[in-house]
Amino acid sequence: QVQLVESGGGLVQPGGSLRLSCVASGNIFSINTMSWYRQGPGEQRELVADISLGGSTAYADSVKGRFTISRDNAKNTVYLQMSSLKPGDTAVYYCNLKIVPRDRSYEYIYWGQGTQVTVSP
């Protein structure tokens with residue numbers, strides 16, 4: 001099995017910064033695409049950013065230039081550095097990892113438990 005643990009959420013004022021982390025452990029051979037999603041109050045879950053195994057990144061238009069996704073393959077960890085935060089960024093943030101187990105049988109999708117980010121004066 002695989003476990004994902006997210007951390008780094010919290011309350012921050014507009015214009016502030018936060019760094020989210022998501023660490024995977026367990027039966028892992030490799031992790032392909034790593035992604036961050038978010039779900040605001042009354043909204044559908046949306047893709048915020050993702051990063052491929054090779055390091056290519058993509059961002060939602062709403063966060064381009066403010067958020068940076070990165071990964072540490074040795075630590076099975078994905079980060080989301082969020083800057084210039086706005087009230088509209090308030091949401092529960094989830095990591096999403098596409099993981100290949102040691103038997104290399106298949107690629108499985110795992111979700112983190114979610115971490116609350118609240119941007120408010």
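The values are calculated or read from the model by the stated rules, or taken from the named source; none is laboratory data. For clarity, every value in this text was computed on a predicted model and none was experimentally measured. So basically every Cβ, Gly included, is an ideal-geometry build from the backbone, and we count neighbours across all protein chains shown. We work out accessible area using only protein heavy atoms, side chains counted, and drop any ligands, DNA or RNA first. Shrake-Rupley method; radii C 1.70, N 1.55, O 1.52, S 1.80 Å.
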> Mind listing P(r) for the chain? All alpha-carbon pairs, 5 Å bins, whole percents.
Replying inline: 2, 12, 23, 24, 18, 11, 6, 3, 1, 0
> Can you give the relative contact order of region 1-63 as a percent, counting alpha carbon pairs under 8 Å and 6+ residues apart?
Replying inline: 23
>> Can you sort LEU11, LEU4, LEU20 by solvent-accessible area, 1.4 Å probe, largest first?
In response: LEU11, LEU4, LEU20
> For region 5-121, what is the percent of antiparallel DSSP beta bridges, rounded to the nearest 5?
Replying inline: 95
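Contact order normalised by length for the chain, with contacts defined as Cα pairs under 8 Å and 6 or more residues apart; what percent is it?
Working: 299 pairs, mean separation 43.2, N = 121.
Once normalised by length, the contact order is 36 percent.
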> What percentages, rounded to whole numbers, describe P(r) for region 61-121 computed over all alpha carbon pairs with 10 Å bin width beginning at zero?
Replying inline: 18, 43, 27, 11, 2
>> Just to check I understand the Karplus step: with θ = phi - 60° and J = 6.51 cos²θ - 1.76 cosθ + 1.60, what whole-Hz values come out for region 2-19, glycine and proline as x?
In response: 10, 10, 10, 10, 9, 7, x, x, x, 9, 9, 7, x, x, x, 10, 9, 10
> If the cut-off is 23 Å between C-alpha atoms, which lysines fall inside it for LYS86, apart from same-chain ones fewer than 8 positions away?
Replying inline: LYS64
> How many nm is it between the label spots at GLU46 and ALA60, if each spot is 7 Å from the Cα in line with the beta carbon?
Replying inline: 0.4
> What is the extension gain from ASN27 to GLN3, computed as 0.36 nm multiplied by their sequence separation minus the C-alpha to C-alpha distance, in nm to one decimal?
Replying inline: 7.8 nm
